[in-house]
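Bear in mind these aren't lab numbers, they're just calculated from the coordinates by the rules spelled out. In this text, all values refer to a predicted model and were calculated from it rather than measured experimentally. We place every Cβ from the backbone using ideal geometry, glycine too, and count neighbours over all the protein chains shown.
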Amino acid sequence: MTEVQPRACPIAGTLDLVGERWSLLVLREVFMGVRRYAGIHANTGAPRDVLTKRLRSLEAAGILERRRYQDRPPRFEYHMTPAGQDLEPVLIGLRGWGLRHLENPPPAPRFLHTCGADVETRVVCAGCGDPLEGGGLVTVTDGTEGPAMPARSGQP
């Protein structure tokens, strides 16, 4: 019997790095300005051994960096790298999805732009700037990116 191999794609690769629950909650905390281990631990509820592993893996992946804030004993803060900052729209998008689709979502802080308006995520066309709205997506490949993925065919 032939074993079915899952489709390789950037989404799967990204989930390998940040798709685990505790990783996303750690990123949420650092994104919201909680940078020390004790605060991250308190706000996520992650078991200490799991939290330590997640912080190390996010650092090894180049998503977080440690910065020493105390010499004796050595203590560190965690900060987003540029790669981590690229995940900020994903976190905002997950928050927005939860507020729209979870039954009785818990209260959540608002994110405001410097102009005072709420921040939201949108996917737009890189060419014309039109937002992607139901059905406006076609997936193609030029041969350098791997096999084409069917776009919203309705089939599993």
## Note on the structure
Subtracting the Cα-Cα distance of Arg36 and Arg56 from 0.36 nm times their residue separation yields 5.8 nm
### Task
Measure off 7 Å from each Cα along the Cα-to-Cβ vector at Arg67 and Thr2, then give the distance between these two points in nanometres to one decimal.
5.2 nm
## Note on the structure
One finds, for Asn104 and Arg21 with R0 = 25 angstrom and r their Cβ-Cβ distance, a FRET efficiency to the nearest 0.05 of 0.80
### Task
Return the ratio Rg/(2.2 N^0.38 Å) for the chain, where Rg is computed over Cα atoms only.
1.27
### Query
Can you give the charge dipole size of region 10-86 about its Cα centre, rounded to the nearest 20 debye, using +1 on the beta carbon of Lys and Arg and -1 on the beta carbon of Asp and Glu?
360 debye
### Mean residue ellipticity (222 nm) of the chain, computed from DSSP H runs ≥ 4 via -39,500 (n - 2.57), nearest 500
-11000 deg cm²/dmol
### Task
Take the Cα atoms of region 10-86, build their convex hull, and give its volume per residue in Å³.
86 Å³
### Query
Contour minus end-to-end for Leu132 and Asp118, with contour as 0.36 nm per residue of separation and end-to-end as the Cα-Cα distance?
3.1 nm
